[in-house]
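Take a look at the structure below.
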Amino acid sequence: MRLKDLSKHDRPRERLMSNGATALADRELLAVILGSGFRGSSALDLATQVIDHCGDLDGLGRSDPHRLLTVPGVGPAKAARVAAAFHLARRAKDWPERERITSTTDLANHCAPLLHGHTQERLVMVVCDTGGRILKRSVVTEGGADHTALPIREMITEVLTTGGAIFGLAHNHPSGSLDPSAADIEATSRLIEAAETVGLRLLDHLIITDAAWRRIPI
(Lines give C-alpha, C1' and ligand atoms only; values in the text may rest on other atoms or scores of the structure.)
Protein backbone atom coordinates (compact mmCIF):
# COMPACT_ATOMS: atom_id res chain seq x y z
CA MET A 1 0.00 0.00 0.00
CA ARG A 2 1.29 3.44 -0.91
CA LEU A 3 1.57 6.03 1.86
CA LYS A 4 -0.85 8.32 0.08
CA ASP A 5 -3.42 5.51 0.23
CA LEU A 6 -3.24 5.50 4.03
CA SER A 7 -5.44 7.79 6.07
CA LYS A 8 -3.73 11.00 7.18
CA HIS A 9 -3.73 9.74 10.77
CA ASP A 10 -1.63 6.72 9.71
CA ARG A 11 0.94 8.48 7.52
CA PRO A 12 4.34 8.79 9.27
CA ARG A 13 4.93 12.43 8.40
CA GLU A 14 1.48 13.53 9.54
CA ARG A 15 1.76 11.45 12.72
CA LEU A 16 5.13 13.00 13.49
CA MET A 17 3.70 16.49 13.13
CA SER A 18 0.64 15.77 15.27
CA ASN A 19 2.04 13.36 17.89
CA GLY A 20 5.79 13.94 17.87
CA ALA A 21 8.70 11.78 16.72
CA THR A 22 8.49 9.52 19.79
CA ALA A 23 5.16 8.15 18.51
CA LEU A 24 6.81 6.68 15.40
CA ALA A 25 8.55 3.32 15.00
CA ASP A 26 12.10 3.17 13.64
CA ARG A 27 10.98 2.29 10.12
CA GLU A 28 8.44 5.13 10.14
CA LEU A 29 11.09 7.67 11.10
CA LEU A 30 13.36 6.36 8.36
CA ALA A 31 10.45 6.51 5.90
CA VAL A 32 10.06 10.23 6.66
CA ILE A 33 13.74 10.74 5.84
CA LEU A 34 13.57 8.68 2.66
CA GLY A 35 10.50 10.58 1.53
CA SER A 36 9.25 8.06 -1.03
CA GLY A 37 9.40 4.44 -2.10
CA PHE A 38 9.89 2.94 -5.57
CA ARG A 39 8.19 0.69 -8.10
CA GLY A 40 5.05 0.02 -6.14
CA SER A 41 6.83 -0.19 -2.75
CA SER A 42 5.99 2.46 -0.20
CA ALA A 43 8.52 4.48 1.76
CA LEU A 44 7.69 2.24 4.74
CA ASP A 45 8.52 -0.86 2.71
CA LEU A 46 11.78 0.69 1.55
CA ALA A 47 12.66 1.76 5.10
CA THR A 48 12.19 -1.81 6.29
CA GLN A 49 14.43 -3.11 3.52
CA VAL A 50 17.17 -0.56 4.34
CA ILE A 51 17.19 -1.45 8.04
CA ASP A 52 17.22 -5.18 7.26
CA HIS A 53 20.07 -4.64 4.80
CA CYS A 54 22.18 -2.96 7.51
CA GLY A 55 21.16 -5.36 10.29
CA ASP A 56 19.80 -2.78 12.72
CA LEU A 57 19.78 0.96 13.41
CA ASP A 58 23.33 0.90 14.72
CA GLY A 59 24.50 -0.72 11.52
CA LEU A 60 22.52 1.78 9.47
CA GLY A 61 24.04 4.69 11.35
CA ARG A 62 27.56 3.41 10.61
CA SER A 63 26.91 2.55 6.97
CA ASP A 64 28.72 4.39 4.23
CA PRO A 65 26.18 6.04 1.90
CA HIS A 66 27.62 4.06 -1.01
CA ARG A 67 26.59 0.85 0.76
CA LEU A 68 23.01 2.09 0.88
CA LEU A 69 23.07 2.46 -2.90
CA THR A 70 23.06 -1.33 -3.16
CA VAL A 71 19.51 -1.42 -1.78
CA PRO A 72 17.04 -1.37 -4.69
CA GLY A 73 15.17 1.93 -4.67
CA VAL A 74 17.86 3.88 -2.82
CA GLY A 75 19.53 6.42 -5.07
CA PRO A 76 22.18 9.05 -4.27
CA ALA A 77 19.63 11.55 -2.90
CA LYS A 78 18.08 9.07 -0.45
CA ALA A 79 21.47 7.68 0.60
CA ALA A 80 22.77 11.20 1.22
CA ARG A 81 19.72 12.16 3.30
CA VAL A 82 20.07 9.09 5.52
CA ALA A 83 23.81 9.61 6.00
CA ALA A 84 23.29 13.30 6.78
CA ALA A 85 20.56 12.56 9.34
CA PHE A 86 22.72 10.12 11.29
CA HIS A 87 25.74 12.42 11.11
CA LEU A 88 23.68 15.29 12.53
CA ALA A 89 22.57 13.01 15.36
CA ARG A 90 26.21 12.21 16.19
CA ARG A 91 27.13 15.89 16.14
CA ALA A 92 24.24 16.70 18.47
CA LYS A 93 25.36 13.96 20.87
CA ASP A 94 28.90 15.37 20.93
CA TRP A 95 27.73 18.96 21.34
CA PRO A 96 28.66 20.53 24.70
CA GLU A 97 25.95 20.29 27.33
CA ARG A 98 23.68 23.32 27.34
CA GLU A 99 23.72 25.54 30.39
CA ARG A 100 20.82 24.97 32.77
CA ILE A 101 18.55 27.11 34.87
CA THR A 102 18.20 25.29 38.19
CA SER A 103 17.40 28.21 40.49
CA THR A 104 16.23 31.80 40.61
CA THR A 105 19.86 32.82 41.06
CA ASP A 106 20.76 31.08 37.78
CA LEU A 107 17.99 33.00 36.03
CA ALA A 108 19.24 36.30 37.46
CA ASN A 109 22.82 35.57 36.42
CA HIS A 110 21.79 34.82 32.82
CA CYS A 111 19.54 37.86 32.49
CA ALA A 112 21.66 40.47 34.26
CA PRO A 113 24.23 40.99 31.45
CA LEU A 114 21.40 42.04 29.12
CA LEU A 115 20.00 44.52 31.66
CA HIS A 116 22.89 46.12 33.53
CA GLY A 117 23.80 49.67 32.55
CA HIS A 118 20.68 50.40 30.51
CA THR A 119 18.83 53.66 31.07
CA GLN A 120 15.60 52.30 29.59
CA GLU A 121 13.51 49.42 30.86
CA ARG A 122 13.89 46.24 28.85
CA LEU A 123 12.34 42.82 29.23
CA VAL A 124 14.48 39.70 28.86
CA MET A 125 13.23 36.12 28.45
CA VAL A 126 15.09 32.83 28.90
CA VAL A 127 13.44 29.75 27.35
CA CYS A 128 14.32 26.26 28.62
CA ASP A 129 13.38 22.68 27.89
CA THR A 130 11.81 20.37 30.47
CA GLY A 131 15.23 19.71 31.99
CA GLY A 132 16.01 23.39 32.44
CA ARG A 133 18.52 23.49 29.58
CA ILE A 134 18.63 26.94 27.98
CA LEU A 135 17.27 27.00 24.44
CA LYS A 136 17.12 30.74 23.89
CA ARG A 137 17.83 34.03 25.64
CA SER A 138 16.54 37.24 24.13
CA VAL A 139 15.46 40.82 24.70
CA VAL A 140 11.68 40.84 24.21
CA THR A 141 10.90 44.55 24.49
CA GLU A 142 12.54 47.84 25.30
CA GLY A 143 10.59 50.83 26.52
CA GLY A 144 11.05 54.05 28.45
CA ALA A 145 12.78 55.01 31.67
CA ASP A 146 9.99 53.63 33.87
CA HIS A 147 8.05 51.11 31.78
CA THR A 148 8.21 48.47 29.07
CA ALA A 149 5.57 46.28 27.49
CA LEU A 150 4.93 42.67 28.48
CA PRO A 151 3.43 41.15 25.29
CA ILE A 152 1.86 37.97 26.62
CA ARG A 153 0.69 36.43 23.35
CA GLU A 154 3.97 37.08 21.57
CA MET A 155 6.02 35.57 24.41
CA ILE A 156 3.90 32.44 24.64
CA THR A 157 4.22 32.01 20.87
CA GLU A 158 8.00 32.42 21.03
CA VAL A 159 8.35 29.82 23.79
CA LEU A 160 6.25 27.33 21.82
CA THR A 161 8.05 27.89 18.52
CA THR A 162 11.41 27.53 20.29
CA GLY A 163 10.29 24.15 21.63
CA GLY A 164 10.44 25.28 25.24
CA ALA A 165 8.49 24.02 28.23
CA ILE A 166 9.50 26.48 30.93
CA PHE A 167 10.70 30.08 30.79
CA GLY A 168 11.83 32.92 32.98
CA LEU A 169 11.59 36.70 32.71
CA ALA A 170 13.49 39.66 34.04
CA HIS A 171 13.32 43.39 33.54
CA ASN A 172 15.41 46.24 34.85
CA HIS A 173 14.45 49.33 36.84
CA PRO A 174 16.85 52.12 35.83
CA SER A 175 15.72 54.04 38.94
CA GLY A 176 17.38 51.41 41.11
CA SER A 177 14.15 50.43 42.86
CA LEU A 178 13.48 46.74 43.41
CA ASP A 179 9.80 47.24 44.18
CA PRO A 180 7.41 45.77 41.59
CA SER A 181 4.67 48.04 40.33
CA ALA A 182 1.02 47.04 40.38
CA ALA A 183 1.28 46.65 36.60
CA ASP A 184 4.26 44.27 37.01
CA ILE A 185 2.31 42.05 39.39
CA GLU A 186 -0.87 42.06 37.31
CA ALA A 187 0.92 41.33 34.03
CA THR A 188 2.88 38.49 35.62
CA SER A 189 -0.32 36.95 36.96
CA ARG A 190 -1.97 37.11 33.53
CA LEU A 191 1.12 35.61 31.91
CA ILE A 192 1.08 32.65 34.32
CA GLU A 193 -2.56 31.94 33.46
CA ALA A 194 -1.89 32.17 29.73
CA ALA A 195 1.14 29.86 30.00
CA GLU A 196 -0.77 27.23 31.94
CA THR A 197 -3.49 27.04 29.30
CA VAL A 198 -0.93 25.74 26.77
CA GLY A 199 1.10 23.58 29.17
CA LEU A 200 3.96 26.01 29.82
CA ARG A 201 5.38 27.12 33.16
CA LEU A 202 6.81 30.47 34.20
CA LEU A 203 9.83 29.95 36.44
CA ASP A 204 10.13 33.47 37.81
CA HIS A 205 9.83 37.10 36.89
CA LEU A 206 12.66 39.20 38.32
CA ILE A 207 13.43 42.86 38.74
CA ILE A 208 17.14 43.46 38.25
CA THR A 209 19.09 46.62 38.97
CA ASP A 210 22.82 47.22 38.59
CA ALA A 211 23.27 46.32 42.28
CA ALA A 212 20.72 43.61 43.12
CA TRP A 213 17.67 41.63 42.04
CA ARG A 214 14.28 40.62 43.45
CA ARG A 215 11.53 38.16 42.55
CA ILE A 216 8.08 39.44 41.69
CA PRO A 217 5.61 37.47 43.86
CA ILE A 218 3.84 34.84 41.76
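The values are calculated or read from the model by the stated rules, or taken from the named source; none is laboratory data. Everything numeric here is computed off the predicted structure, so don't read it as measured data. We place every Cβ from the backbone using ideal geometry, glycine too, and count neighbours over all the protein chains shown. Calculation scope for accessible area: heavy atoms of the full protein, side chains included, ligands and nucleic acids excluded. Shrake-Rupley method; radii C 1.70, N 1.55, O 1.52, S 1.80 Å.
Summary table
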| item | result |
| --- | --- |
| Evaluation of residue 185 against (1) open to solvent by 10 Å² or more (accessible area, probe 1.4 Å); (2) among the aliphatic types (A, V, I, L, M); (3) within 15 Å of residue 107 (Cα to Cα) (one fails), failing number | (3) |
| Some residue of the stretch 163-174 being more than 24 Å from residue 20 (Cα to Cα), open to solvent by 40 Å² or more (accessible area, probe 1.4 Å) and out of contact with any helix residue (DSSP H, G or I) (no Cβ under 6 Å at 6 or more places or on another chain) | yes |
| Among the residues listed as 153, 190, the single one being under 23 Å from the mean Cα position of the chain (by Cα), of a type in the set (Lys, Arg), assigned to a helix (DSSP H, G or I) and modelled with pLDDT under 95 | 153 |
| When residues of the stretch 188-218 are limited to those that are in contact with a His (Cβ under 8 Å, 6 or more places away or on another chain) and β-branched (Val, Ile, Thr), the one most open to solvent (accessible area, probe 1.4 Å) | 218 |
| Contacts under 8 angstrom Cβ, first residue in the stretch 118-144 being part of a loop (DSSP other than H, G, I, E, B) and open to solvent by 30 Å² or more (accessible area, probe 1.4 Å), partner at pLDDT below 90 and β-branched (Val, Ile, Thr), 6 or more apart | 120/148 |
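For every residue, the table says whether it meets (1) charged (D, E, K, R); (2) in contact (Cβ under 8 Å) with a residue 40 or more places away in the chain.
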| site | (1), (2) |
| --- | --- |
| 49 | no, no |
| 52 | yes, no |
| 56 | yes, no |
| 59 | no, no |
| 62 | yes, no |
| 66 | no, no |
| 70 | no, no |
| 78 | yes, yes |
| 85 | no, yes |
